[in-house]
Amino acid sequence: MSFLFTTGQTQVCDEADFPDFQFLTGFSERESPSEKLRDLRKICRENPQFSAKNLPEPDTKIGRSDLPLIEFRGKEAGFPLLRVAIFAGIHGDEPEGVHALVRLLQTLDQNPGLAEGYHLFCYPVCNPTGLLQQTRETVSGTDINREFWKNSEEPEVVFLQQEIQRITPHGILALHTDDTSEGFYGYAHGAVLTENLIAPALRAAEEVLPRNRDAFIDGFPAADSVIRKTYPGILSAPPDASPKPFEIILETPAKPPAFLKEAALVLATQTILAEYRKLIAFADNI
Ligand SMILES: [Zn+2]
């Protein structure tokens, strides 16, 4: 199966060109959110390193309260487990992040060492009604990614804020799609070491997708495919969080074929986990 997509220059891309990533093929665009999560239900039942909350029943129409949390508890790696929260599907018309986070969890089921040293809190469907109706906004017409830490009454925002306060994560990752970008890029904020995580993550994603090297991305100044300013009210740690977690948003372009978008997001996420663990282990040994 061949795909044609534009990456600055038009090129033909075939799944056979990426043999290492063929495991990422096979998602159907028609799958409902609850169908996507069916595999995760099975993993959580069978693998004691996983647990799930709020997973909707298969084939049911999901509602605003079906905002699933999948936890993965890795083996300890010489320091207390690092808590990282990963969010996807905040915009309901960006299914790439949802697929990628499901893929990441499926990968960890097979290869748990990839997240050794971590307690991951994964929210693959942060906007269940938006995903169902394929809209950026929730069923109430709200872009919830402009509502954080503003006393919002949107139930998704209230729930996710409570979760972030409960977990007090060392790191926050959000997976998005930008249909105005021709290349992959990221947003870095929070802890100083964020810089040491996003650069290798973007290099990993570049194995499968071109990077956006524009001087301005989404209206913000960019350097090396990274923006450091973004809109107020995006999903983040509370403004008064101390110490500040690392905060990274990964943005895949919309045009490439689904399996490459998912591969880029999964590779970048795995790289962030590997690099952060290295930094913590190094700091621990000083
Ligand atoms: Zn988005």
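The values are calculated or read from the model by the stated rules, or taken from the named source; none is laboratory data. Just so you know, these numbers come straight off a predicted model, no measurement behind them. Cβ: placed from backbone, ideal geometry, glycine included. Neighbour counts: every protein chain shown.
What number of residues in region 77-95 are in a loop (DSSP other than H, G, I, E, B) and not small (Gly, Ala, Ser)?
7
Within the bounds of region 56-67, is there any residue that is within 14 Å of the ligand (Cβ to nearest atom) and touching a Ser or Thr at 6+ places or on another chain (Cβ under 8 Å)?
No, because not a single residue in region 56-67 is within 14 Å of the ligand (Cβ to nearest atom) and touching a Ser or Thr at 6+ places or on another chain (Cβ under 8 Å).
Need pairs with beta-carbon distance below 9 Å; first residue under 19 Å from residue 99 (Cβ atoms) and within region 112-132, second among the basic types (Lys, Arg) and in a helix (DSSP H, G or I); sequence gap 6+ or separate chains.
That search, which allows pairs on different chains as well, returns 115/277; 124/36; 125/36; 131/36.
Test each condition in (1) within 16 Å of the ligand (Cβ to nearest atom); (2) assigned to a helix (DSSP H, G or I); (3) among the β-branched types (Val, Ile, Thr) for residue 172 and report the one that comes out false.
Among (1) within 16 Å of the ligand (Cβ to nearest atom); (2) assigned to a helix (DSSP H, G or I); (3) among the β-branched types (Val, Ile, Thr), residue 172 violates only (2).
Only one residue in 262, 247, 251, 207 is more than 16 Å from the ligand (Cβ to nearest atom) and of a type in the set (D, E, K, R), so which one is that?
207
Identify, from the list 54, 47, the residue that is modelled with pLDDT of 90 or more, surrounded by fewer than 17 Cβ atoms within 10 Å (Cβ to Cβ) and among the polar types (S, T, N, Q).
47
Only one of these is crowded, with 17+ Cβ neighbours inside 10 Å and under 24 Å from residue 108 (Cβ atoms): 198, 217, 234. Name it.
198
Residues being assigned to a loop (DSSP other than H, G, I, E, B) and crowded, with 19+ Cβ neighbours inside 10 Å: count how many of those fall in region 160-169.
So the count comes out to 1.
Taking region 106-150 on its own, how many of its residues are hydrophobic (A, V, I, L, M, F, W, C), at pLDDT below 95, in a loop (DSSP other than H, G, I, E, B) and away from the ligand (no atom under 14 Å from the Cβ)?
1
Here are the criteria: (1) crowded, with 17+ Cβ neighbours inside 10 Å; (2) more than 14 Å from the ligand (Cβ to nearest atom); (3) at pLDDT 95 or above; (4) over 24 Å from residue 256 (Cα atoms). Tell me which single one residue 190 does not satisfy.
All conditions are met except number (3).
For region 77-102, how many residues meet the condition of being more than 10 Å from the ligand (Cβ to nearest atom) and either small (Gly, Ala, Ser) or surrounded by fewer than 24 Cβ atoms within 10 Å (Cβ to Cβ) (or both)?
Residues flagged as more than 10 Å from the ligand (Cβ to nearest atom) and either small (Gly, Ala, Ser) or surrounded by fewer than 24 Cβ atoms within 10 Å (Cβ to Cβ) (or both) within region 77-102 amount to 10.
Conditions first: (1) in contact with a strand residue (DSSP E or B) (Cβ under 8 Å, 6 or more places away or on another chain); (2) under 21 Å from residue 54 (Cα atoms); (3) of a type in the set (D, E, K, R). Residue 195 passes all but one, so which condition is the exception?
(2) is the only condition that residue 195 fails.
Return yes when residue 181 is in contact (Cβ under 8 Å) with a residue 60 or more places away in the chain, part of a loop (DSSP other than H, G, I, E, B) and more than 27 Å from residue 50 (Cβ to Cβ) and no when it is not.
yes
Mind checking which strands (runs of 3 or more DSSP E) fall wholly inside region 184-268 and carry at least 1 residues that are under 14 Å from the mean Cα position of the chain (by Cα), within 29 Å of residue 154 (Cα to Cα) and β-branched (Val, Ile, Thr)?
246-253
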